[in-house]
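Remarks on the structure that follows.
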Amino acid sequence: MRTIDKYQLLKSSFEFTSDLIKYSQILEQNHHRPIALKIMNAAVKINSFLFDAQTAYRHEDVVAKLEKAKSSIQEVIYWLKQCVKSNYFDLDDRIIRKAKYLEADIGISLCPEVM
């Protein structure tokens, strides 16, 4: 993974996580703390795995961490959709779109020709 890609992914991930913090706060205010914690845990894992990928030495470690970050994004999307199904809040296309873009960017970073 090229250096510039790593930092852009981290930046995007941090921005995404800040949006998720707002959702988690809303959920906690409405007494839905368990699902707020699920969303926050998955969001923090995204950032952690991306940082680990950035600092990994071996190519295999970079790939493994990126795949885990991608999996964590999918987990966030799952919990957000569960919130919508449970009528905790309305679907926010913007946050889902950001998640999909971040997931796609990680997918691009996983391509051998980019690394």
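Assorted remarks:
- Largest accessible area first, the listed residues 83, 111 line up as 111, 83 when surface is computed with a 1.4 Å probe on the assembled protein chains.
- Residues in the range 50-115 average 60 Å² of solvent-accessible surface per residue, probe 1.4 Å, ligands and nucleic acids excluded.
- Gain in span if fully extended, residue 57 to residue 92, counting 0.36 nm per residue against the direct Cα distance: 8.8 nm
- The chain, helix-only ellipticity at 222 nm - DSSP H runs n ≥ 4, -39,500 (n - 2.57), divided by all residues, nearest 500: -29000 deg cm²/dmol
- Relative to the dominant Cα principal axis of the chain, helix 3-29 is inclined by about 10°.
- A simple spin-label model places the labels of residue 64 and residue 78 2.1 nm from each other, with each point 7 Å out along Cα-to-Cβ.
- Only Lys, Arg, Asp and Glu carry charge here, each on its Cβ (+1 for the first two, -1 for the last two); on that basis the chain has a dipole of about 160 debye about its Cα centre.
- Longest DSSP-loop-exposure-free segment, trypsin sites (Lys or Arg not before Pro), the chain, at most 15 other Cβ within 10 Å: 59-115
- In range of the label at residue 41: residues from the range 67-99 whose backbone nitrogen is under 18 Å from the point 7 Å along Cα→Cβ: 68-83
- Portion, in percent, of the accessible area of the range 55-115 that falls on carbon or sulfur, probe 1.4 Å: 51
- The chain: angle of helix 93-110 to the longest principal axis, Cα-based, in degrees nearest 10: 20
- Shape parameters for the range 42-95, alpha-carbon atoms, Rg then Dmax in Å: 14.0, 44
- When you filter the chymotrypsin sites (Phe, Trp or Tyr not before Pro) in the range 48-101 for DSSP loop state and at most 13 other Cβ atoms inside 10 Å of their Cβ, you are left with 57.
- Taking Kirkwood radius over Cα pairs in Å as calculated from this structure, the corresponding entry among [x] 18.0; [y] 14.3; [z] 14.9 is [y].
- Over the chain, Cα pairs under 8 Å with separation of 6+ residues give a relative contact order of 31 percent.
The values are calculated or read from the model by the stated rules, or taken from the named source; none is laboratory data. Everything numeric in this text was worked out from a predicted model, so none of it was measured. Positions of Cβ are generated from backbone atoms using ideal geometry, with glycine treated the same way; all protein chains shown enter the neighbour counts. Each accessible area value is taken on the protein alone, full model and side chains, heavy atoms only, with ligands, DNA and RNA left out. Shrake-Rupley method; radii C 1.70, N 1.55, O 1.52, S 1.80 Å.
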